[in-house]
Amino acid sequence: MNLYGIRAIYTFEMARAWRTLMQSIASPVLSTTLYFVVFGTAIGDRMGNIEGISYGAFIIPGLVMLSLLGESISNASFGIFFPKFSGTIYEVLSAPVSPFEIVLGYVGAAATKSILLGLLILLTARLFVDYEIQHPLWMLTFLVLTAVTFSLFGFVIGIWADDFQKLQIIPLMVITPLTFLGGAFYSISMLPEPWQTLTLFNPVVYLISGFRWAFYGVADVNLALSLGMTLLFLLLCLGVVGRIFYTGYRLKS
């Protein structure tokens with residue numbers, strides 16, 4: 001394995017994050033903080049408890065996931081799109097690094113930034129809402145798996161997109177609505193039928209449910225099912241990325 005090549009890509013992408021600190025770190029943290037102020041402090045006391053948990057604390061896992069999904073996709077998609085846009089992707093492809101090492105460098109950097117962002121949001125939430133993490137190892141597991149999975153998904157989007165506008169279509173038109181409808185601000189058990197059953201077709205439900213279980217021991221779906229769905233999406237993304245490099249889709253033309 002070419003560790004020097006992986007490190008070069010990873011270091012370059014991480015350096016870009018520090019150069020755009022306000023956009024990549026400060027902006028999502030500030031946006032999420034506003035949710036904590038409005039829903040956790042201003043409205044939370046009037047909402048009552050959900051499954052024995054204060055509303056402000058209940059929405060923390062959903063808000064972290066909301067930022068994590070968006071930033072993972074954004075970081076990875078822009079990371080691979082810019083070399084395509086500038087033409088430097090051909091230098092990367094001609095370098096003595098394998099497709100696996102290229103993906104490891106780009107996706108690893110995107111996932112690292114998203115994980116750091118998620119942890120920073122959790123620290124910020126402590127300033128506004130009291131919460132607990134009953135299963136910290138499971139919390140980190142879901143945090144890492146989600147960051148890696150959606151960074152891979154963002155990598156696919158970055159290769160598929162042929163202009164800057166397309167980079168935002170799926171995150172804004174698909175991922176954000178699915179997150180809001182996936183139990184970020186409520187328990188799906190509160191929904192009447194048939195909406196409760198239909199919601200189970202939303203893959204984000206399983207991510208938020210598993211992540212929330214790690215905090216409070218309560219979940220909308222079984223923990224094993226949440227973990228299984230996350231791993232399934234991870235494998236699907238890996239399969240698509242592998243197919244892209246095998247065929248050279250929008251990389252060699």
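Among the conditions (1) assigned to a helix (DSSP H, G or I); (2) under 19 Å from Tyr35 (Cβ atoms), Tyr90 misses just one, which is (2). For the stretch 186-226, filtering for residues that are within 19 Å of Pro136 (Cβ to Cβ) and buried (at least 17 other Cβ atoms within 10 Å of the Cβ) leaves 13. Residues that are over 23 Å from Leu234 (Cα atoms), modelled with pLDDT of 90 or more and hydrophobic (A, V, I, L, M, F, W, C) within the stretch 189-218 comprise just one, Val218. In the set Val97, Val103, only one residue is within 17 Å of the chain's Cα centre (by Cα) and farther than 26 Å from Leu30 by Cα; that residue is Val103.
To keep it simple, each residue is scored yes or no on (1) at pLDDT 90 or above; (2) over 13 Å from Cys237 (Cβ atoms).
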{"site": "Thr141", "(1), (2)": "yes, yes"}
{"site": "Thr146", "(1), (2)": "yes, no"}
{"site": "Ser151", "(1), (2)": "yes, no"}
{"site": "Ile157", "(1), (2)": "yes, no"}
{"site": "Asp163", "(1), (2)": "no, yes"}
{"site": "Leu167", "(1), (2)": "no, yes"}
{"site": "Met173", "(1), (2)": "no, yes"}
{"site": "Thr176", "(1), (2)": "no, yes"}
{"site": "Phe180", "(1), (2)": "no, yes"}
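Listed by position, the helices (runs of 4 or more DSSP H) enclosed by the stretch 135-253 that each have at least 2 residues that are more than 15 Å from Glu71 (Cα to Cα) and either of a type in the set (Phe, Trp, Tyr) or touching a strand residue (DSSP E or B) at 6+ places or on another chain (Cβ under 9 Å) (or both) are 136-160, 203-216, 223-247. Of all residues in the stretch 169-197, those that are free of Cβ contacts under 8 Å to residues at least 12 places away in the same chain and farther than 18 Å from Thr146 by Cβ have Cβ atoms under 9 Å from Cβ atoms of residues that are assigned to a helix (DSSP H, G or I) and of a type outside the set (Ser, Thr, Tyr), 6 or more apart or on another chain, in Ile169/Ile157; Leu172/Gly70; Leu191/Leu198; Trp195/Ile188; Gln196/Ile188; Gln196/Met190. Scanning the stretch 198-235 for residues that are aliphatic (A, V, I, L, M) and free of Cβ contacts under 8 Å to residues at least 12 places away in the same chain yields Leu198, Ala219, Ala224, Leu232, Leu235. Output yes when any residue across the stretch 108-122 is under 20 Å from Phe153 (Cα atoms), touching a Gly at 6+ places or on another chain (Cβ under 7 Å), in contact (Cβ under 8 Å) with a residue 40 or more places away in the chain and of a type in the set (D, E, K, R), and no when none is. So far as the stretch 108-122 goes, no, none of its residues is under 20 Å from Phe153 (Cα atoms), touching a Gly at 6+ places or on another chain (Cβ under 7 Å), in contact (Cβ under 8 Å) with a residue 40 or more places away in the chain and of a type in the set (D, E, K, R).
The values are calculated or read from the model by the stated rules, or taken from the named source; none is laboratory data. Just so you know, these numbers come straight off a predicted model, no measurement behind them. Positions of Cβ are generated from backbone atoms using ideal geometry, with glycine treated the same way; all protein chains shown enter the neighbour counts.
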